[in-house]
Amino acid sequence: VGLALWLLVSFAMGVAALSDPGVIPDLKWPDDPPPRAKHDRQTGRCVHKFDHFCVFIGNSVGRGNYRWFLSFVGLTSLSALYLLAWCVFHVVDLAGRLELEGGVDRGTAFAKAVGQAIGSVVLGFYFAVMGTLVSLLLVLHCYLVSTAQTTAEFMRGRWKKETNPYDRGARSNWLDVLCDRDSDG
């Protein structure tokens with residue numbers, strides 16, 4: 001399972017990193033910019049439905065690769081949860097074996113297991129912290145998709161005082177992203 005998750009995360013990351021985020025050729029800019037197109041200062045490119053520049057994939061995130069970016073974040077979150085569970089299982093299983101074989105009480109067995117499996121404890125702590133952060137990022141992007149906002153629009157508060165004309169309801173917004181429908185310009 002861990003290897004499969006690693007392969008899926010790597011694949012989603014690779015596709016997001018290598019995909020065209022929706023670069024608009026210089027010939028069309030700025031004469032006829034599509035709605036929500038922005039200039040990415042990091043790459044010097046104009047990107048259709050620009051969301052943000054992601055340092056983890058080393059690419060702009062826009063209309064062309066957003067669903068792959070979202071897959072990458074979701075799979076990374078799932079991987080962190082799986083690896084945290086594996087680390088906890090390792091320590092708990094070891095404690096159970098120490099309790100049965102060593103004839104010690106549960107608390108002593110657990111303390112010995114933590115000492116003997118310190119690598120799993122450290123990795124578990126790491127996956128708990130990083131998994132929480134990545135999961136919060138996933139929750140944010142689920143909210144952004146559900147409300148048809150880009151990160152750039154959200155950070156500037158673009159739709160706080162006026163109605164977002166691109167928001168067609170959560171279901172349609174998700175279909176737009178997942179099915180690569182271009183209903184918002």
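Structural remarks
- Condition broken by G102, with the remaining ones in (1) surrounded by 21 or more Cβ atoms within 10 Å (Cβ to Cβ); (2) modelled with pLDDT under 95; (3) among the small types (G, A, S) satisfied: (1)
- Residue in the stretch 85-96 that is part of a helix (DSSP H, G or I), within 10 Å of the chain's Cα centre (by Cα) and not aliphatic (A, V, I, L, M) present: no
- Condition broken by G64, with the remaining ones in (1) under 21 Å from the mean Cα position of the chain (by Cα); (2) small (G, A, S); (3) part of a helix (DSSP H, G or I) satisfied: (3)
- Selection count, the stretch 138-151, where residues are of a type in the set (A, V, I, L, M) and surrounded by 16 or more Cβ atoms within 10 Å (Cβ to Cβ): 4
- Selection count where residues are surrounded by 13 or more Cβ atoms within 10 Å (Cβ to Cβ), in a helix (DSSP H, G or I) and over 26 Å from the mean Cα position of the chain (by Cα), scope the stretch 105-137: 8
- Among the conditions (1) free of Cβ contacts under 8 Å to residues at least 24 places away in the same chain; (2) over 14 Å from R36 (Cα atoms); (3) open to solvent by 40 Å² or more (accessible area, probe 1.4 Å), the only one that R156 does not satisfy is (2).
- Looking across the stretch 11-51 at every residue that is outside any loop (DSSP other than H, G, I, E, B) and more than 17 Å from V61 (Cα to Cα), the one that is modelled with the highest pLDDT is identified as D26.
- The set of residues in the stretch 50-68 that are under 10 Å from T151 (Cβ atoms) and open to solvent by less than 20 Å² (accessible area, probe 1.4 Å) comprises D51, C54, V61.
The values are calculated or read from the model by the stated rules, or taken from the named source; none is laboratory data. From a predicted model like this one, the values you see are computed outputs, not experimental measurements. So basically every Cβ, Gly included, is an ideal-geometry build from the backbone, and we count neighbours across all protein chains shown. For the accessible areas, the whole protein counts, side chains as well, though only heavy atoms, and no ligand, DNA or RNA atoms are used. Shrake-Rupley method; radii C 1.70, N 1.55, O 1.52, S 1.80 Å.
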